[in-house]
Amino acid sequence: MNWFREEYRGSDQRRRCSVKTILVIYDDPRSQSTVRVRRILEPAGYDVIAAASGHKAMNVLRTREPALVVLDICMPGSSGQDLCRQIRRESKNVPLLVLSAITDVAAVVLLLELGADGYITEPFSPCEFLARVRVAMRY
């Protein structure tokens with residue numbers, strides 16, 4: 001983890017690059033997973049917006065046009081599958097990564113078929129997560 005801190009926190013060159021906004025959709029923006037995602041992405045130069053519901057997420061998606069969406073599929077009030085469908089209907093080009101503790105192959109395949117560009121299971125490695133974010137954004 002030491003190399004991670006040195007490469008991403010100490011790099012002034014990365015900070016001068018344009019900031020890319022990532023929308024993180026989680027049932028609780030203060031949850032451990034959301035905080036962990038923020039701690040990985042912000043030092044790497046990304047602006048993180050957290051939304052705690054599908055409604056709030058869609059408002060952000062329409063007004064801010066994020067470069068990437070990270071979606072938790074266990075949402076109160078609406079399923080992650082429904083939200084994935086809605087995101088794909090309204091914004092076909094935004095990369096969409098699903099972040100979930102659910103490891104069932106059928107669930108993974110369903111989300112990928114609904115339009116997710118990737119599926120990351122929790123717990124996850126910070127290095128792998130950041131790599132998947134970059135790949136999804138064609139960084």
Counting only residues in region 1-50 that are hydroxyl-bearing (S, T, Y) and at pLDDT below 90, the one farthest from S91 (Cα to Cα) is identified as S11
When region 87-108 is checked residue by residue, the ones that are surrounded by fewer than 17 Cβ atoms within 10 Å (Cβ to Cβ), closer than 17 Å to M58 by Cβ and modelled with pLDDT of 90 or more are R88, R89
Of the residues in region 51-77 that are surrounded by 14 or more Cβ atoms within 10 Å (Cβ to Cβ) and in contact with a Gly (Cβ under 9 Å, 6 or more places away or on another chain), the one that is modelled with the highest pLDDT is L71
Of the residues in region 98-120, those that are more than 11 Å from the chain's Cα centre (by Cα) and hydroxyl-bearing (S, T, Y) number 1
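The values are calculated or read from the model by the stated rules, or taken from the named source; none is laboratory data. Being a predicted model, the structure only gives us computed values, none of them experimental. We place every Cβ from the backbone using ideal geometry, glycine too, and count neighbours over all the protein chains shown.
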